[in-house]
Amino acid sequence: MSGEVKHILFVEDEVKAADIITRYLLKAGYSVDTTHTGEGVIESVRESEPDLILLDIMLPEVDGITICRKIRSFSDVPIILLTARVDELDRILGFDTGADDYICKPVNPREILARVKAALRRSGPSLPKSRTILEFDDSRLLATYKGQRLDLTLKEFQLLKMLHSGDGKIFTREQIRKKIYGTSRGNNSRTVDAAIKKLRDKISSVVEGESPIRSVYGAGYSFELPESSI
Ligand code: CA
């Protein structure tokens, strides 16, 4: 992180959990403004212009998704939604919330910190995007990862390109299956899992230990470079 202190707005009605995470983020050097209600959040975003918002979905007055959409109507600030359960995440991934990332509860402060850093990195103007690390040549169906050629099948090429286009966004198995493999019988979520595994093996075989494809338990996959490689 640069010398400038990043300001996080944290909206979470569970006070105890909020306290733990707030302390963790403060210790990591962020300035954190924590609130336990959805009321007044929009105004506070307009006024304080935070660098990132951590937003719980289940809030007593206004739900996090509604708040998230409202914020999106006037700001591109990175928003990470906190969801209570994996099945809730599955459901909300189906509609356009405008959020940058999702974290399932129970949350691990370390994971939150990693995702906050990643979201801030993506939103930062001067930092290199993952795009330069992975390159695609459509005319030759050729993909290179850190300059190393990946030996991919057509489907693997398309799959990698799809994940990469999301720039950290999570794609569900269903979205991947429909887009890459079609809806014919015999293609199911296991087809996707198997293809992801092969793709991961191919990437880590050209650059040892690299694993830019992240799986989000119960939800799907995203492409995100490990911090050390940027
Ligand atoms: Ca809650």
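The values are calculated or read from the model by the stated rules, or taken from the named source; none is laboratory data. In this text the structure is predicted, and so the values were computed from the model without any measurement. Here the Cβ positions follow ideal geometry from the backbone for every residue, glycine too, while neighbour counts run over all protein chains shown. In case anyone asks, the SASA skips ligands and DNA or RNA and just uses the protein heavy atoms, side chains included. Shrake-Rupley method; radii C 1.70, N 1.55, O 1.52, S 1.80 Å.
Annotations
- Scanning the stretch 83-104 for residues that are assigned to a strand (DSSP E or B) and over 26 Å from Glu49 (Cβ atoms) turns up just one, Cys104.
- Yes/no for Ser48 being out of contact with any Leu (no Cβ under 6 Å at 6 or more places or on another chain), of a type outside the set (Asp, Glu) and within 26 Å of Ala219 (Cβ to Cβ): no
This table checks each residue for (1) under 26 Å from Arg85 (Cβ atoms); (2) free of Cβ contacts under 8 Å to residues at least 60 places away in the same chain; (3) not charged (D, E, K, R).
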| site | (1), (2), (3) |
| --- | --- |
| Ser189 | yes, yes, yes |
| Val192 | yes, yes, yes |
| Ile196 | yes, yes, yes |
| Asp201 | no, yes, no |
| Ser205 | no, yes, yes |
| Glu208 | no, yes, no |
| Ile213 | yes, yes, yes |
| Tyr217 | yes, no, yes |
| Tyr221 | yes, yes, yes |
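- Of all residues in the stretch 133-152, those that are more than 15 Å from Ile213 (Cβ to Cβ) and in contact with a Leu (Cβ under 9 Å, 6 or more places away or on another chain) total 6.
- Considering the conditions (1) in a loop (DSSP other than H, G, I, E, B); (2) open to solvent by 30 Å² or more (accessible area, probe 1.4 Å), Lys197 is excluded by exactly one of them, (1).
- Strands (runs of 3 or more DSSP E) fully within the stretch 1-56 counting 2 or more residues that are hydroxyl-bearing (Ser, Thr, Tyr) and open to solvent by 30 Å² or more (accessible area, probe 1.4 Å): 31-35
- A single member of Val32, Val41, Val15, Val5 is within 13 Å of the ligand (Cβ to nearest atom) and without any contact (Cβ under 8 Å) to a residue 40 or more places away in the chain, and it is Val15.
- Candidate set from the stretch 54-103 (those that are small (Gly, Ala, Ser) and away from the ligand (no atom under 16 Å from the Cβ)); member that is nearest to the chain's Cα centre (by Cα): Gly98
For (1) free of Cβ contacts under 8 Å to residues at least 60 places away in the same chain; (2) assigned to a strand (DSSP E or B); (3) assigned by TED's automatic domain parsing to the domain that holds His36, each residue gets a yes or a no:
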{"residue": "Ile71", "(1), (2), (3)": "yes, no, yes"}
{"residue": "Asp76", "(1), (2), (3)": "yes, no, yes"}
{"residue": "Leu81", "(1), (2), (3)": "yes, yes, yes"}
{"residue": "Val107", "(1), (2), (3)": "no, no, yes"}
{"residue": "Ile112", "(1), (2), (3)": "no, no, yes"}
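- Each residue in the stretch 134-161 was checked for being hydroxyl-bearing (Ser, Thr, Tyr) and open to solvent by 60 Å² or more (accessible area, probe 1.4 Å), and 2 of them qualify.
- Each residue in the stretch 180-190 was checked for being at pLDDT below 90 and either open to solvent by 80 Å² or more (accessible area, probe 1.4 Å) or in a helix (DSSP H, G or I) (or both), and 5 pass.
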